[in-house]
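Undergrad: Input: one structure, supplied below.
Values in this text are rule-based calculations from the coordinates and carry no lab data. None of the values given here were measured: they were computed from a predicted structure. For neighbour counting, all protein chains shown are included, and Cβ atoms are generated from backbone atoms with ideal geometry for every residue, glycine included.
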Amino acid sequence: MKKLNIIRTEIPIGLEKPIRFLHVTDTHITRDDPSGRRRREEVFNVDYENCAEDYFLQAIDYAKKENIPVLHTGDMIDFLSKGNFDFMDEYFADLDYIYAAGNHDFCHWVGRAKEDYAYKWEMMKQIAPHVKSNLYFDSRVIDGVNFVTLDDSYYLISDGQTEMLRAEVAKGYPIVLAMHVPFYTKMFAEAIMQENPCAYLTGAPEELLASYPEDRRCQQTPDTATLRAIDYIKNEPLIKAIITGHVHRNLEDIFAGKPQIATRGSYEGDVRECVLC
Ligand SMILES: [Fe+2]
Ligand SMILES: [Fe+2]
């Protein structure tokens, strides 16, 4: 089994004392494959079951050895299954982690059902008992930095989440915002659309959405609440950095003056040690 690749990234946010954390995302554990017809390794040409578990175990060993928290930005599992929940229960039990939900955390199998809000809230009942973080919105202050997680896994942010974010800002700490799906930036979109007909980003502009296949345009068009959230986040100086997953690529860009980072799926062997400084 190959050795985990740990990318190291400094994120300058004006701290006097640096804070480290390990960004792990898109682990895609695949125990009890429910499809019975196509296994994930056939889709991604990766030995998912072995690689995904092994790389995750290497990642959490490293975080524990270094005594740093894991910030996981979703898709810990590929689909809802007892085997996947058992894996989470076993390895989350003594792990210091913060979790932002991903779209796969709410699905039996991508494409199995229409992934709308009703479906998500129903599926959330299955996975929520296995995760310490609140999957809609959560926050935790570590050494004077507020790590805020919110669910944007369906390319939407609600007014309720924005109000909760405002209340976190009111605490006065610098904020690291962690979400599954990155915000649209030109650089992210161009990198992703080299290999895809759409960008899989929250808040894509209308002219770009017009070039997507219709089903993807419907899926990824921001509603007015999401546009309000984006406008607020862009203009709130206490929100210092955005940490994301979902796109299965190592990307770094600036979103409205704030570093936005995505890390490749840990199932492919990459995680990122971030140093806030
Ligand atoms: Fe993913
Ligand atoms: Fe995802």
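Undergrad: Among the lysines, which fall within straight-line cross-link reach of LYS120, defined as a Cα-Cα distance under 22 Å, with same-chain neighbours fewer than 8 residues apart omitted?
TA: Here the lysines satisfying the reach criterion relative to LYS120 are LYS82, LYS132.
Undergrad: Order of 21-29, 151-159, 178-186, 136-144 by packing, highest average Cβ count within 10 Å first?
TA: Top of the packing list down: 21-29, 178-186, 151-159, 136-144.
Undergrad: From the Cα gyration tensor of the chain, with a ≥ b ≥ c the square roots of its eigenvalues, which class applies: rounded if a/c is under 1.5, or else prolate if a/b is larger than b/c, or else oblate?
TA: In terms of gyration-tensor shape, rounded.
Undergrad: Identify all aspartates and glutamates with a Cα-Cα distance to LYS125 below 14 Å; exclude those on the same chain that are fewer than 8 residues away in sequence.
TA: Reachable aspartates and glutamates: ASP105.
Undergrad: What is the distance in Å between the Cα centres of region 193-261 and region 124-152?
TA: 20
Undergrad: Still on this structure: Quick one, what does Rg over Rh come out to for region 90-181 if you take C-alpha atoms and the Kirkwood Rh?
TA: That ratio is 0.99, to two decimals.
Undergrad: Need one number: nm distance between label points at GLU10 and VAL275, each 7 Å from Cα along Cα→Cβ, rounded to one decimal.
TA: According to this spin-label approximation, the distance is 0.6 nm.
Undergrad: With a 10 Å cut-off between alpha carbons and a GNM built on the chain, which of ALA167, ALA262, ALA204 moves the most?
TA: Among ALA167, ALA262, ALA204, the largest GNM mean-square fluctuation belongs to ALA167.
Undergrad: Taking springs between alpha-carbon atoms closer than 10 angstrom, which of ASN84, ASN103, ASN67 fluctuates most in the Gaussian network model of the chain?
TA: Per the Cα network of the chain with a 10 Å cutoff, ASN67 tops the list.
Undergrad: Going highest first, how would you order 270-276, 92-98 by mean Cβ packing within 10 Å?
TA: 270-276, 92-98
Undergrad: Additional query: Mind jotting down a quarter of the surface of the convex hull over the alpha carbons of region 134-174, in square nanometres, one decimal?
TA: Answer in nm², one decimal: 2.9.
Undergrad: While we're looking at this one, here's another question. Label THR221 and LEU238 with points 7 Å out from Cα along Cα→Cβ: what is the distance between them in nm?
TA: Inter-label distance under the simple model: 3.5 nm.
Undergrad: Over 23 Å between C-alpha atoms is what I'm after, so list which of LYS17/LYS258; LYS2/LYS240; LYS3/LYS64; LYS2/LYS65 land there.
TA: LYS2/LYS240
Undergrad: Taking only Cα atoms and a 10 Å spring cutoff, compute GNM fluctuations for the chain and point out the largest among THR73, THR224, THR30.
TA: So, out of THR73, THR224, THR30, the one fluctuating most is THR224.
Undergrad: Among the aspartates and glutamates, which have Cα under 18 Å from the Cα of LYS186 when same-chain residues fewer than 8 positions away are ignored?
TA: Here the aspartates and glutamates satisfying the reach criterion relative to LYS186 are GLU195, GLU206, GLU207, ASP231, GLU252, ASP253.
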